[in-house]
1. Confirm whether residue 31 is surrounded by 12 or more Cβ atoms within 10 Å (Cβ to Cβ) and either touching a strand residue (DSSP E or B) at 6+ places or on another chain (Cβ under 6 Å) or part of a loop (DSSP other than H, G, I, E, B) (or both).
2. Which of (1) modelled with pLDDT of 95 or more; (2) of a type outside the set (Phe, Trp, Tyr); (3) part of a helix (DSSP H, G or I); (4) surrounded by 12 or more Cβ atoms within 10 Å (Cβ to Cβ) does residue 43 not meet, given it meets every other one?
3. Do the conditions hold for residue 9, that is, is it surrounded by 13 or more Cβ atoms within 10 Å (Cβ to Cβ) and either hydroxyl-bearing (Ser, Thr, Tyr) or out of contact with any helix residue (DSSP H, G or I) (no Cβ under 8 Å at 6 or more places or on another chain) (or both)?
4. I'd like the full set of residues that are farther than 16 Å from residue 17 by Cβ and touching a residue at least 60 places away in the same chain (Cβ under 8 Å), limited to region 67-82.
5. In this structure, does residue 36 turn out to be charged (D, E, K, R), under 23 Å from residue 87 (Cα atoms), assigned to a loop (DSSP other than H, G, I, E, B) and more than 15 Å from the chain's Cα centre (by Cα)?
6. If you go through region 46-66, how many residues are assigned to a helix (DSSP H, G or I) and in contact (Cβ under 8 Å) with a residue 24 or more places away in the chain?
7. Looking at this structure, is residue 25 among the polar types (S, T, N, Q), exposed (fewer than 15 other Cβ atoms within 10 Å of the Cβ) and part of a loop (DSSP other than H, G, I, E, B)?
8. Please give the number of the condition residue 54 fails out of (1) touching a Leu at 6+ places or on another chain (Cβ under 9 Å); (2) under 25 Å from residue 86 (Cβ atoms); (3) not basic (Lys, Arg).
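The values are calculated or read from the model by the stated rules, or taken from the named source; none is laboratory data. Here the structure is a predicted model, which is why all the values come from computation and not from measurement. Cβ placement follows ideal geometry from the backbone for every residue including glycine, while neighbour counts extend to all protein chains displayed.
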Amino acid sequence: MGISQLEEKKAVEAGYWHLYRFDPSKEESFLLDSKEPTASYRDFIMGEVRYNSLTRSFPERAEQLFAQAEKSAAERYDHLLRLGSLYGKK
């Protein structure tokens with residue numbers, strides 16, 4: 001638990017987790033705080049035991065799932081960028 005903030009930072013840098021704010025009462029109701037991912041998504045998930053153990057048990061399936069998850073994370077970030085332009089300044 002002592003390094004949870006560091007892990008959260010790594011998750012954001014890798015694009016695993018995105019930070020944003022939504023407040024409909026403000027002029028800029030949606031703010032995306034996350035920058036474009038700068039770290040390796042794959043390196044981040046391999047640091048997680050649940051994903052790392054999957055590669056040992058089912059390496060081929062794990063590779064497929066990791067590629068799909070990485071693509072999905074990129075699509076989520078693009079979606080959030082579009083939301084930012086939609087709900088940004090009015």
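1. Working: surrounded by 12 or more Cβ atoms within 10 Å (Cβ to Cβ): yes; either touching a strand residue (DSSP E or B) at 6+ places or on another chain (Cβ under 6 Å) or part of a loop (DSSP other than H, G, I, E, B) (or both): yes.
Against the criterion (surrounded by 12 or more Cβ atoms within 10 Å (Cβ to Cβ) and either touching a strand residue (DSSP E or B) at 6+ places or on another chain (Cβ under 6 Å) or part of a loop (DSSP other than H, G, I, E, B) (or both)), residue 31 qualifies.
2. (4)
3. Values: surrounded by 13 or more Cβ atoms within 10 Å (Cβ to Cβ): yes; either hydroxyl-bearing (Ser, Thr, Tyr) or out of contact with any helix residue (DSSP H, G or I) (no Cβ under 8 Å at 6 or more places or on another chain) (or both): yes.
Yes, satisfied.
4. none
5. On the way: charged (D, E, K, R): yes; under 23 Å from residue 87 (Cα atoms): yes; assigned to a loop (DSSP other than H, G, I, E, B): yes; more than 15 Å from the chain's Cα centre (by Cα): no.
So residue 36 fails the test.
6. Of all residues in region 46-66, those assigned to a helix (DSSP H, G or I) come to 46, 49-57, 59-66.
Still in the running and in contact (Cβ under 8 Å) with a residue 24 or more places away in the chain: 66.
Number of matching residues: 1.
7. Details: among the polar types (S, T, N, Q): yes; exposed (fewer than 15 other Cβ atoms within 10 Å of the Cβ): yes; part of a loop (DSSP other than H, G, I, E, B): yes.
Against the criterion (among the polar types (S, T, N, Q), exposed (fewer than 15 other Cβ atoms within 10 Å of the Cβ) and part of a loop (DSSP other than H, G, I, E, B)), residue 25 qualifies.
8. Against the list (1) touching a Leu at 6+ places or on another chain (Cβ under 9 Å); (2) under 25 Å from residue 86 (Cβ atoms); (3) not basic (Lys, Arg), residue 54 comes up short only on (2).
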